[in-house]
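Since the structure comes first, as structure tokens, the remarks are kept for the end.
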Amino acid sequence: MSTIDDTDVFSSALQPLPAPSPEVAGFLYLEARLADEARYSEWELLWDDDALYWVPMHPDDDPATNLSYIYDNRRRIKSRVAQLNTGNRHSQTPPSVMRRQLTNMEVLDSTDDTVTVGSNFALFEYRHTQRVWAGRVIHKVRRHAGGFKLVSKTVHMISAGGPVDTLAFLI
């Protein structure tokens, strides 16, 4: 009969990843709050010039060869926000009320000026009925002299590949 000691259970492969700094976590909470409150113009200002906002249909997809729910560069993010700000979105009449939670934040990669954070998310949406959107989100954040900017946001929905009612809001 073999026994398992603590060193076997917590080998280097099983070590927890570090949590982001309070400043990075606060920035990600701000991004979520602005999206929830439909403060789209302010949300857009969080993005860096080389930004990429991606919601793939499957986790291993290549956006160059596979269809995505959303695959926006900085110019398309600006265009998306302009459309949302018009209020002329029949799929959002009346507009959804939303609240999202970010949990289990872990630093996946870090350099001098950039940090990549993986988090679980749950987005609660109410528009005629309540829906829950959930999955894993990967934020890449760059530090600038004036604060942080989003370099990329990749949203892996647990329902990816399945039918989607509408994504006429920011996921």
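The values are calculated or read from the model by the stated rules, or taken from the named source; none is laboratory data. Predicted, not measured: the structure shown is a model, and the values here were computed from it. Heads up, the Cβs are rebuilt from the backbone with ideal geometry, glycines too, and the neighbour counts pull from every protein chain shown. Only protein heavy atoms, including side chains, enter the accessible area calculation; ligands, DNA and RNA are left aside. Shrake-Rupley method; radii C 1.70, N 1.55, O 1.52, S 1.80 Å.
Structural remarks
- The set of residues from the stretch 95-118 being closer than 18 Å to GLU37 by Cα, over 14 Å from the mean Cα position of the chain (by Cα) and surrounded by fewer than 18 Cβ atoms within 10 Å (Cβ to Cβ) comprises PRO95, VAL97.
- Looking only at residues in the stretch 119-130 that are touching a strand residue (DSSP E or B) at 6+ places or on another chain (Cβ under 7 Å) and free of Cβ contacts under 8 Å to residues at least 24 places away in the same chain, the one that is most open to solvent (accessible area, probe 1.4 Å) is GLN130.
- Of all residues in the stretch 19-43 being open to solvent by less than 20 Å² (accessible area, probe 1.4 Å) and charged (D, E, K, R), the one that is farthest from ALA122 (Cα to Cα): GLU31
- Considering (1) touching a helix residue (DSSP H, G or I) at 6+ places or on another chain (Cβ under 7 Å); (2) modelled with pLDDT of 95 or more, the lone condition that LEU28 does not fulfil carries the number (1).
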